[in-house]
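Worksheet: the structure to be examined is printed underneath.
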Amino acid sequence: MAWQLHYTSARRGPTGRAGFQFVAETPGLPDGARAGVMPHLSYRPPPEAPPSPDDSELERFPVTLLYDVVDGRPLLLRCRYLGRDYSGRYGNFFAHAVVAEPAELEGMRPAELWRSPLWAPLPADGAVLDELDDLAPGTGLAPDDLAAWLPHSGPEDPFGALGLLVSAVRENAVPGGRVVLVADDVELIARWIALVSYSLPVSATARLSFVTYSADPLRAGQILVGTTPDVWAAMGARPLHETAVDLRTGRPLAGGPAAGSLSRFARGVGACWRDSDFAGLDFLGEVAARADAPAADCGDAAALLALCRADAPLTGEEEAELAAVVSGRGIEPPDWLWRELRQAMPFMGLELALAVHENAPHDGAGDGAGDAGGVLAARASAALAEVTDLAALARVVRAALRAGLAVSPGDVADAAARCTGYGGASLHAALTVCQGGGLRGALLDGITAELTERTAPLSDPDVCDALFQDAEWLRGVPHIAVPVLASVGGRIPGRRAEATGRLLNLDGRVAADVEAALAQVWASPPSAAEGLGLLEEHGTAPAGAGGGHPALGALLSRVFTRLAFPGGEGLADPETLRLADRIREVMPEGRAGCDAALVQAYGKAITAGPARAARALEEIAAGGAGSQLAGEAFVGAARRLCGRPPAFRADLLAALPAPVRARLGERWTAQLPGRARAGRVPLRGGELEQRNDLIEVVLRLKARGAADPALEAWARAAAGRWLAAKQLDSRLARSPRLRAALRDLLEPARGDGEPPRGGR
């Protein structure tokens, strides 16, 4: 069922008002139909049209036929310019709209309605229009009519122009883009829209919105938009989304594929129209109509047709794709196409000929291919001797093995040695095909020289992934194994441990390369648990004087360095300490052993009594000022020890050599809040407690006869203010010994015996 609406400027419409309005419609119009039609109701004459046309001139104004989908229903709208309205003003037009159910257009291209008898030339006399039971197509736009007209349509290469349009509409369109058709005659535009519609499957044309004429083509909401040359010439800056084609010449005016770059599908469509090959056109449409069919599938279908019609030679890649297609993994050709493929077998390559021979249905009438077995054997032998890339080698070997032909490992090795242009996909395909009969080893032997001489393929992750599977072969070629294992381990976390083990078991002559490779595999150093696992698995790998494998030692040292930041945060974790203990057992010497000893010292420094903690701090300090691990371990230990009671801290300082004591005191002072560190007042509760604790540490140290000049100077300045001295005197009321030490500390600043003046 379909509903009609008439729209124009009237003196008095159904509602009694004047002006543009719906003057007639079919009763029972679906809800929202008028609102859906309204945005499309407009007409502006071309710039060069006469401003005050007479009746004969009105006939030459372009007619608009619009097709779109509104709220799930097809909308067809025809607009023609009427010139004057009831008041004598120019600008009036008549729009005849049809809103249909989707079933009404089933099996029909909307472009067929261009000259349909359903279109009214003028508004109806009454306000009620009939329902439409049949949307009858117009004349002159049937496929055979268009095929006869196309060679004389105007462009020098009309079939290439059609291919350009099909490519722009189906393959190169972007969301929000459109294809603009420019011509003097709107009839010409309508014919080209019909040609494009017939070139696509019916399901696609249902979504192919179009308008035969627009005075503002870059704002039109349709995919195919017709306009006139004067409109196009008046356009300003043009967006990048548009493809515009001059239908008079067939050449693009903006956008579109580059010359000579039309897809196989687009070229195939043009060839079908050239030969009036509607069966081929239907075949291409059936393929393109498949849900989510990629452009490659449509190109395969077009290549099959080209092969049968000898339109153009196919490349090796195209033949390989077609072999996959006819083997049942893509398009299913109809019976008539199978017959033509069997007849074309003598002109095919090995793989495609084999695929057609194996998959084409045989009707017993002979296939014209002669002795297929003998032809295939001869072709296989010659093809293997000619391959120069791994993808071709894989195709030939696969085809030969599938045909039951014997393949020589020596031939495979020779062919592989000639191959260049390695890619991950082609190498993987070749390795997958060459499995039995010594073919895989022959293939690897053949590519060794190329990979040794030209290492660029080893930067391809896919190449490395393919070679990673051959562990034994890689062990024999360590210069290839190192980049392969580094690439795989560095990209795939689940393979880091395996890659690490295989790197550590390579020939010792590449030890330096192994260490760099492990740094790539473990760009983020292992966790303590992962490090412990690596140590248990590979700690006894090639070692030297108890130092273990140097590359493994360097990696484990990185574990500790990472855990040390910031300020020794992770060094006290039980897992870290277990790793340090185990390293000391397995590889006590070398860099890892030294770092493990330092981590053990850190554990003792933050848990032991003052004497043992002092010895541990000495050991950490002896790690060197340039060691990141030692530096962060000392900072972390100082921070943790800062929370111990003043008596413990004083005993610890007393047990330290003067340089280490000064360094620890400096860290403790630095950890104070800024106000307490600078001696400013007033202080908040926590700040006051921290300051007074550290001053007590200084007093206890002083009472023992030990001192650190810098720390004591800070304490004297911090306690020298009247309020601070008062607070400390109260704090130490029960310790005469510490009160005496406080007086001794402050004595140089007291002057006349009175508390020093200063802020309270």
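The values are calculated or read from the model by the stated rules, or taken from the named source; none is laboratory data. The structure displayed is predicted, hence computed values, not measured ones. Here the Cβ positions follow ideal geometry from the backbone for every residue, glycine too, while neighbour counts run over all protein chains shown.
Please count how many residues of region 203-231 are among the polar types (S, T, N, Q) and not in a loop (DSSP other than H, G, I, E, B).
Step one: of region 203-231, the residues among the polar types (S, T, N, Q) are 203, 205, 209, 212, 214, 222, 227-228.
Applying the additional criterion that residues be not in a loop (DSSP other than H, G, I, E, B) yields 203, 205, 227.
Looking only at that region, the number is 3.
Which of the residues that make up region 623-646 are in contact with a Leu (Cβ under 9 Å, 6 or more places away or on another chain) and outside any helix (DSSP H, G or I)?
Gly623, Ser627, Cys642, Arg644
Between a residue in region 131-142 that is surrounded by 17 or more Cβ atoms within 10 Å (Cβ to Cβ) and any residue that is basic (Lys, Arg), which pairs come within a Cβ distance under 9 Å, given they are 6 or more apart or on different chains?
Pro137/Arg109; Pro137/Arg115; Gly138/Arg115; Leu141/Arg109; Leu141/Arg115; Leu141/Arg191
Pick from Ala601, Ala613, Ala551, Ala596: which is in the same structural domain as Gly631 (by TED's automatic domain parsing), modelled with pLDDT of 90 or more and closer than 22 Å to Ala519 by Cα? Break it down into steps so the answer makes sense when it comes.
On the way: Ala601 fails: closer than 22 Å to Ala519 by Cα; Ala613 fails: closer than 22 Å to Ala519 by Cα; Ala551 fails: modelled with pLDDT of 90 or more.
The match here is Ala596.
Tally time: how many residues in region 219-230 are surrounded by fewer than 24 Cβ atoms within 10 Å (Cβ to Cβ) and touching a residue at least 40 places away in the same chain (Cβ under 8 Å)?
Here the count works out to 6.
Please go through region 33-78 and give me each residue that is of a type in the set (A, V, I, L, M, F, W, C) and free of Cβ contacts under 8 Å to residues at least 12 places away in the same chain, ordered by number.
Those that are of a type in the set (A, V, I, L, M, F, W, C) and free of Cβ contacts under 8 Å to residues at least 12 places away in the same chain: Ala35, Met38.
If you go through region 400-412 one residue at a time, how many are assigned to a helix (DSSP H, G or I) and either basic (Lys, Arg) or free of Cβ contacts under 8 Å to residues at least 24 places away in the same chain (or both)?
So the count comes out to 1.
I'd like to check something: does region 201-212 contain any residue that is more than 34 Å from the chain's Cα centre (by Cα) and either at pLDDT 90 or above or over 22 Å from Gly154 (Cα atoms) (or both)?
Yes: region 201-212 contains one or more residues that are more than 34 Å from the chain's Cα centre (by Cα) and either at pLDDT 90 or above or over 22 Å from Gly154 (Cα atoms) (or both).
Go through (1) modelled with pLDDT of 95 or more; (2) under 22 Å from Ile223 (Cα atoms) for Arg109 and report which single condition fails.
(1) is the only condition that Arg109 fails.
So, of the residues in region 238-276 that are polar (S, T, N, Q) and at pLDDT 75 or above, which turns out to be farthest from Val169 (Cα to Cα)?
Restricting to residues being polar (S, T, N, Q) and at pLDDT 75 or above, the top hit is Ser276.
Could you please find all residues in region 22-41 being touching a strand residue (DSSP E or B) at 6+ places or on another chain (Cβ under 8 Å) and not aliphatic (A, V, I, L, M)?
Here is the first cut: in region 22-41, the residues touching a strand residue (DSSP E or B) at 6+ places or on another chain (Cβ under 8 Å) are 22-30, 33-34, 36-37, 40-41.
The answer is Phe22, Glu25, Thr26, Pro27, Gly28, Pro30, Arg34, Gly36, His40.
Of these, Ala499, Ala529, Ala511, which one is modelled with pLDDT of 90 or more, out of contact with any Leu (no Cβ under 6 Å at 6 or more places or on another chain) and either aliphatic (A, V, I, L, M) or on the phi > 0 side of the Ramachandran plot (or both)?
Testing whether each residue is modelled with pLDDT of 90 or more, out of contact with any Leu (no Cβ under 6 Å at 6 or more places or on another chain) and either aliphatic (A, V, I, L, M) or on the phi > 0 side of the Ramachandran plot (or both) leaves just Ala529.
Name the residues in region 456-479 that are β-branched (Val, Ile, Thr) and over 26 Å from Ser524 (Cβ atoms), would you?
Passing the criteria: only Val477.
Only one of these is crowded, with 22+ Cβ neighbours inside 10 Å, assigned by TED's automatic domain parsing to the domain that holds Leu401, touching a helix residue (DSSP H, G or I) at 6+ places or on another chain (Cβ under 9 Å) and in a helix (DSSP H, G or I): Ala415, Ala425. Name it.
Just one listed residue meets the conditions, Ala415.
If only one of Arg402, Arg475 is surrounded by fewer than 18 Cβ atoms within 10 Å (Cβ to Cβ), over 30 Å from Ala353 (Cβ atoms) and outside the structural domain of Ala324 (by TED's automatic domain parsing), which one is it?
Arg475
Please determine whether any residue of region 507-517 is in contact with a His (Cβ under 9 Å, 6 or more places away or on another chain), buried (at least 19 other Cβ atoms within 10 Å of the Cβ), among the hydrophobic types (A, V, I, L, M, F, W, C) and touching a residue at least 12 places away in the same chain (Cβ under 8 Å).
Yes.
Kindly provide the set of residues from region 632-652 that are within 18 Å of Leu738 (Cα to Cα), under 59 Å from the mean Cα position of the chain (by Cα) and buried (at least 20 other Cβ atoms within 10 Å of the Cβ), ordered by number.
Correct list: Arg649, Leu652.
What are the residues in region 123-145 that are of a type in the set (Asp, Glu) and assigned to a strand (DSSP E or B), if any?
Across region 123-145, there are no qualifying residues.
Could you tell me how many of the residues in region 469-520 are in a helix (DSSP H, G or I), within 24 Å of Ala429 (Cβ to Cβ) and among the polar types (S, T, N, Q)?
Count: 1.
Report whether or not Glu618 is within 27 Å of Ala551 (Cβ to Cβ) and surrounded by fewer than 22 Cβ atoms within 10 Å (Cβ to Cβ).
no
How about region 90-122: which of its residues are assigned to a strand (DSSP E or B) and farther than 21 Å from Ser42 by Cβ?
If the condition is that a residue be assigned to a strand (DSSP E or B) and farther than 21 Å from Ser42 by Cβ, then Ala100 is the only one that fits.
Grab the strands (runs of 3 or more DSSP E) fully contained in region 12-86, keeping just those with 3 or more residues being more than 42 Å from the chain's Cα centre (by Cα).
19-25, 73-84
Looking at Ala608, Ala580, Ala523, can you tell me which residue is on the phi < 0 side of the Ramachandran plot and crowded, with 22+ Cβ neighbours inside 10 Å? Step through it out loud before you land on a result.
On the way: Ala608 fails: crowded, with 22+ Cβ neighbours inside 10 Å; Ala523 fails: crowded, with 22+ Cβ neighbours inside 10 Å.
Every option except Ala580 fails the conditions.
How many residues are buried (at least 20 other Cβ atoms within 10 Å of the Cβ) and assigned to a helix (DSSP H, G or I) when one looks only at region 428-457?
Counting residues in region 428-457 that are buried (at least 20 other Cβ atoms within 10 Å of the Cβ) and assigned to a helix (DSSP H, G or I) gives 12.
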